Amino acid sequence: MSQAFLLVGSPKGTKSSSRVLGGYLMSKLAAGGMAVGEMSVGRALHSEEEMGRLLAEVEAAEIIVVAFPLYVDQLPAPLVGALETIAEKRTAATERGSEAEARPRQKILAIVNCGFPESFQNEPAVATMRQFAKQAGFHWAGGLALGMGGAVSAKPLEKLGGRVRNVVKALDLTAEALLRDADVPDEAKELMAKPLIPKRLYYVFANLGWKRQARKHGVHGQLRARPYA
């Protein structure tokens, strides 16, 4: 079993910005001597066997990292379902007493990214994760919130150059803290929250991407449609 376990909450699974961010942190923990593992929510929900594996990994891990994208202002529904299952199992164990007494202190932290340019849009989701940690009996180690997540676009951080330097530094600081059994540092949270590029430039690229997708799907002429007006 893994000492550090990454739960990828994006419906895109391994081809997601969430996986890129969480995977980078895992690589740094592995370099520091930790055994690491990961699983996507989609895979876990595919079968009872896979969900059983997820639950076993979570129970065995010292550190659980939950990486996911913002959906409006909260967690994706599949991730909510997985976390509810985890909480139910841990609550049942606590009521029985035996497993809860033998359970070591486990840290849980969140890495949330959104397409909005402002990182503060992630705050409700981080608060939800904090409450989940409390109710499920985890030690809340903190949340890293990233705006402009579309600029990561599932590409390895090493290939994105200077625009992700603060993201890389934030994850490096977080890994260093976790390896010495500390929580996510405030400096890491502040660095992760900084804009990747100027907001005006982000709007330009975001609009271009939106129009490109519209052309691809044959609806470019409907972008200004107001069917309910």
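The values are calculated or read from the model by the stated rules, or taken from the named source; none is laboratory data. Everything numeric here is computed off the predicted structure, so don't read it as measured data. Positions of Cβ are generated from backbone atoms using ideal geometry, with glycine treated the same way; all protein chains shown enter the neighbour counts.
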Report summary line: Filter region 184-203 for residues that are charged (D, E, K, R) and within 22 Å of the chain's Cα centre (by Cα); the one that is nearest to Val164 (Cα to Cα) is Lys194
Query raised in the report: Is there a residue in region 15-26 that is surrounded by fewer than 19 Cβ atoms within 10 Å (Cβ to Cβ) and under 23 Å from Cys114 (Cβ atoms)?
Result: yes
Report summary line: Note on region 29-54: residues hydrophobic (A, V, I, L, M, F, W, C) and in a loop (DSSP other than H, G, I, E, B) are Met34, Ala35, Leu45
Requested in this report: Output yes when any residue across region 57-73 is within 24 Å of Asn122 (Cβ to Cβ), more than 12 Å from the chain's Cα centre (by Cα) and among the charged types (D, E, K, R), and no when none is.
Outcome: yes
Query raised in the report: Does region 138-151 include one or more residues that are within 21 Å of Pro195 (Cα to Cα), part of a helix (DSSP H, G or I) and either among the hydroxyl-bearing types (Ser, Thr, Tyr) or in contact with a strand residue (DSSP E or B) (Cβ under 7 Å, 6 or more places away or on another chain) (or both)?
Result: yes
Report summary line: Among (1) modelled with pLDDT under 95; (2) more than 25 Å from Lys134 (Cα to Cα); (3) in a helix (DSSP H, G or I), Glu59 falls short only on (2)
Requested in this report: Quickly run through region 30-65 and pick out the residues that are closer than 14 Å to Lys89 by Cβ, out of contact with any strand residue (DSSP E or B) (no Cβ under 9 Å at 6 or more places or on another chain) and of a type in the set (A, V, I, L, M, F, W, C).
Outcome: Met51, Leu55, Ala56
Report summary line: Considering region 91-110, residues that are at pLDDT below 70 and part of a loop (DSSP other than H, G, I, E, B), and then whichever is surrounded by the fewest Cβ atoms within 10 Å (Cβ to Cβ), we arrive at Pro104
Report summary line: For Gly81, the lone unmet condition from (1) assigned to a helix (DSSP H, G or I); (2) farther than 30 Å from Trp210 by Cα; (3) of a type in the set (Gly, Ala, Ser) is (2)
